[in-house]
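Bear in mind that the values in this text are calculations on the coordinates, not laboratory data. Not measured: the values here are computed from a predicted model. Methodologically, a virtual Cβ is constructed for each residue, glycine included, from the backbone with ideal geometry; neighbour enumeration extends over all protein chains shown.
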Ligand code: SF4
């Protein structure tokens with residue numbers, strides 16, 4: 001199940017409607033929503049809770065776990 005913040009991006013099967021599966025890249029990267037922008041999310045929601053390097057590592061761990069769940073959707 002997707003988080004409420006990202007559910008609107010779901011094309012119906014848990015994959016983002018903006019992901020180009022042929023290239024494994026975001027089709028709207030330069031204008032992606034803040035919820036997809038690690039720096040923006042840190043500044044808006046997490047700055048008071050943890051240091052930037054910790055937030056980056058937590059995001060990397062989450063990405064690694066998501067890749068295990070959906071290995072066919074490899075982001076390069
Ligand atoms: S970065 Fe792009 S492809 Fe990834 S979730 Fe956000 S909008 Fe979708």
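List of remarks:
- Panel order for 48, 68, by other beta carbons found within 10 Å of each beta carbon, from fewest to most: 48, 68.
- Working note: Cα atoms of the chain, range along each principal axis, descending, whole Å: 36, 25, 23.
- Remark: spin-label model distance residue 5-residue 37 equals 1.3 nm, labels positioned 7 Å along the Cα→Cβ axis.
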